[in-house]
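Structure record follows, encoded as structure tokens.
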Amino acid sequence: MASTPTFQLYNTLTRRVDPIEPAEQTADGTPHLRFYSCGPTVYAFAHIGNFRSFLTADLIVRTARALGWDTTYVTNVTDVGHLTDDDMTDPSGEDRMVKALRSKEGQRFANIWDLARYYTEALLRDWRALNLQEPDVRPRATEHIRPQILAVQQLIENGHAYETSQGIYFSVESFPDYGKLSGRGQDAEALVEGAAAQSRDVVTDPDKRDPRDFALWKKDDAHLMQWHSPWGWGFPGWHIECSVMANEYLGPSIDLHAGGEDLIFPHHECEIAQAESLSGEPFARYWAHTRFLQVEGEKMSKSKGNFYTVRDFIAPEPEGRDLDPLALRLTLLSGQYRKPFNFTFDTLRDNVRHVQRLQDVDALVDDAMAEDAPGDDFLGERLDALYDKALAALCDDLNTPAAIAAALEGAKMLGGVGSNLNGATARRAKDWLDQINALLGIIRHDETPASADDPEEEGLDVQALIDERDAARAAKDYERADALRDALQEMGYEVMDTPEGTQVRRQVRI
RNA sequence: GGUGACGUGGCCGAGUGGCUAGGCAGAGGCCUGCAAAGCCUCCUACGGCGGUUCGAAUCCGCCCGUCACCUCCA
């Protein structure tokens with residue numbers, strides 16, 4: 001094993017790639033990473049862009065664990081709908097979850113709580129399907145209303161917030177560091193002009209002291225989700241939930257905070273303002289942000305018809321395309337998180353192949369271990385070097401393309417040796433595959449051993465054709481064998497002849 | 001308008017002062033009854049123009065182009 005690489009990430013706060021140095025260590029000197037990653041608002045099925053962001057967090061955790069670090073990984077579920085236009089515009093505007101409830105898809109839900117529950121469950125299913133690490137805690141905003149109210153009260157008490165007839169606002173003026181993360185928000189005039197340039201309606205609460213001030217609590221006794229507070233019925237502002245939940249599970253000063261690039265401003269800027277005004281300590285020392293993906297070269301949007309949810313790909317037909325979720329995972333990892341990423345069907349197709357190849361090699365190694373042919377290990381060193389390369393790549397600001405390249409090189413090496421794998425080499429290869437899988441999660445699921453898509457489990461008619469074809473080949477009736485192959489391909493199967501006879505697998509249609 | 005990125009072979013995508021990334025597609029080969037899969041070999045590029053340097057895709061300057069964010073968003 002080569003010397004342990006230094007884990008470094010681009011830090012939005014310092015605008016450079018910084019080595020990650022957790023503030024805490026366990027008794028034996030092991031670094032302990034305390035990490036908070038912003039989760040989605042559950043008003044719809046998660047889309048592939050959401051998951052690109054969650055995958056960044058996933059890789060950070062996997063890399064830290066591969067380095068032997070302790071990790072506490074918290075990622076939230078935002079199940080409170082926040083205003084679509086927040087406080088800059090009409091504060092009586094609808095929120096996203098209310099909107100979803102009133103949409104056509106929303107008709108089947110009894111109420112907004114029902115909708116939130118449904119999409120939360122869908123999120124967790126997709127999460128597991130894409131083989132993301134389970135967080136240590138997955139707090140929900142609605143289950144942390146009281147600490148949010150207490151935080152708002154405290155902010156009023158220490159002079160960082162004030163009340164108007166419509167709500168409670170954070171006073172940006174009271175926090176001189178506002179803007180240190182995003183480089184924005186220093187200049188109230190520019191903010192208003194910027195919004196005007198986007199031809200947004202600039203309608204502020206007339207009692208707001210500064211256009212930059214943002215809502216901590218909205219007074220609204222007609223809202224579909226409301227709680228009682230010292231200021232009457234209403235609901236919390238968007239930014240306060242993450243500050244409060246991060247504090248609750250990780251303490252007032254955490255190591256690393258991550259999310260999508262859109263969250264830099266205003267969400268994370270506002271989180272910093274609230275959290276640091278409460279604790280007087282730096283909220284997070286490192287900030288990592290994932291760049292938005294594009295689809296076929298364009299911004300993903302419903303109006304362009306290129307908007308894809310995770311289930312569009314992995315759900316069984318006809319709702320989805322019945323793809324191996326790991327292929328979607330690999331596709332989303334195939335670009336570095338901080339670079340523009342263009343999601344294309346070509347890339348998806350390539351990655352279906354790559355996952356299949358890794359799984360084929362995995363099966364090959366299993367067979368070789370079972371056979372346990374004599375001989376010394378002759379690949380271990382080269383495989384170890386490839387694993388070190390993959391880990392070093394991830395440590396270098398999550399260079400996933402380089403890490404994946406190392407994985408594929410190893411697969412090629414094993415494929416080249418093929419059936420000449422002896423037992424000793426196969427065991428080393430299995431260790432390597434396990435390590436690569438722990439790092440990238442692209443060969444098999446970590447949690448539930450994949451048993452769902454057993455390739456043997458084909459329909460009766462398919463098995464009959466396979467048997468018939470094997471018989472025809474044994475009898476050297478190649479005309480018949482070729483006709484049967486054509487028939488199987490017609491039915492959507494890839495046909496391969498092996499020493500064990502005809503093998504088939506589902507042809508990927510995307 | 002403000003801020004920040006990016007432009008690498010037919011395509012995707014690493015690298016970032018001299019040393020083959022990797023993949024897809026394409027060509028040839030091994031294997032195969034023929035295929036498929038797999039493996040081997042080949043395909044050598046860095047937006048433009050200047051500059052620094054023994055040497056630049058890599059550093060500097062200018063220009064061109066693409067994209068993102070700027071209170072809906074992962």
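Relative intensity of region A:217-327 on a log10 scale, I(q)/I(0) at q = 0.12, 0.17, 0.20, 0.22 Å⁻¹, equals -0.70, -0.96, -1.01, -1.08, per a Debye sum over C-alpha point scatterers of equal strength in the absence of solvent.
Membrane-span-like helices of chain A, defined as complete DSSP H segments with a Cα extent of 30 Å or more along the helix axis and a mean Kyte hydropathy of at least -1.0, are identified as A:345-371. Each of A:343, A:378, A:283, A:45 has some number of other Cβ atoms within 10 Å of its Cβ, and from fewest to most they run A:378, A:45, A:343, A:283. Computed from the Kirkwood radius of its Cα pairs, the Stokes-Einstein diffusion coefficient for region A:345-429 at 37 °C and 0.692 mPa s stands at 242 µm²/s. In straight Cα distance, which aspartates and glutamates are under 19 Å from residue A:339, not counting same-chain residues fewer than 8 positions off? Qualifying aspartates and glutamates at Cα under 19 Å: A:18, A:58, A:261, A:262, A:296, A:298, A:396, A:397.
By the helix-only formula, in which each DSSP H run with n ≥ 4 contributes -39500 (n - 2.57) and the sum is divided by residues, chain A has a 222 nm mean residue ellipticity of -13500 deg cm²/dmol. At most 14 other C-beta atoms within 10 Å and a DSSP loop state: those are the exposed GluC sites (Glu not before Pro) I care about. Give me the longest piece of chain A that has none. No qualifying site falls inside A:1-295, the longest such stretch.
In region A:8-290, the convex hull through the Cα atoms has an average projected area of 15.1 nm², a quarter of its surface area. Counting other Cβ atoms within 10 Å as a rough exposure proxy, the listed residues A:290, A:30, A:502 run A:30, A:502, A:290 from fewest neighbours to most. Rounded to the nearest 20 debye, the dipole size of region A:8-290 about its Cα centre is 900 debye, using +1 on the Cβ of Lys and Arg and -1 on the Cβ of Asp and Glu. Computed about the Cα centre, the dipole magnitude for region A:460-506 is approximately 100 debye when only Lys and Arg (+1) and Asp and Glu (-1) carry charge, each at its Cβ.
Placing pseudo-labels 7 Å out from each Cα toward the beta carbon at residue A:505 and residue A:306 gives an inter-label distance of 3.0 nm. Taken over region A:239-389, the convex hull of the Cα atoms encloses 201 Å³ per residue.
Within the same chain, lysines fewer than 8 places from residue A:99 are excluded, and of the rest, those with a Cα less than 22 Å from its Cα are A:218, A:219, A:302, A:304. Annotation for region A:9-45 versus region A:290-328: alpha-carbon center distance of 28 Å. A straight Cα-to-Cα reach below 15 Å connects residue A:208 with the aspartates and glutamates A:86, A:87, A:90, A:163, A:173, A:189, residues fewer than 8 places away in its own chain not being considered.
Projecting the Cα atoms of A:69, A:46, A:19 onto the charge dipole of region A:1-84 (Cβ charges, centred on the Cα centre) puts A:46 farthest toward the positive pole.
One quarter of the surface of the convex hull around the alpha-carbon atoms of region A:460-506 equals 2.9 nm², the direction-averaged projected area. Near residue A:59, once Lys and Arg are set to +1 and Asp and Glu to -1 for all other residues with Cβ below 13 Å from its Cβ, the sum equals +2.
Multiplying the residue separation of residue A:108 and residue A:228 by 0.36 nm and subtracting their alpha-carbon distance yields 40.4 nm. Projecting the Cα atoms of A:343, A:332, A:373 onto the charge dipole of region A:295-440 (Cβ charges, centred on the Cα centre) puts A:343 farthest toward the positive pole.
In whole angstrom, chain A maps to an equivalent ellipsoid with semi-axes of 49, 28, 18, each derived as √(5λ) from the alpha carbon gyration tensor and ordered largest first. Dipole check for chain A: with +1 at the C-beta of Lys and Arg, -1 at the C-beta of Asp and Glu, and the Cα centre as origin, the magnitude is about 880 Debye.
Summing charges over all other residues whose Cβ lies under 10 Å from the Cβ of residue A:127, with Lys and Arg as +1 and Asp and Glu as -1, gives 0.
No value in this document is a laboratory result; all are computed from the given coordinates. What you see is a predicted model, and the numbers here were worked out from it, not measured in a lab. Virtual Cβ from ideal backbone geometry, glycine too; neighbours counted across all protein chains shown.
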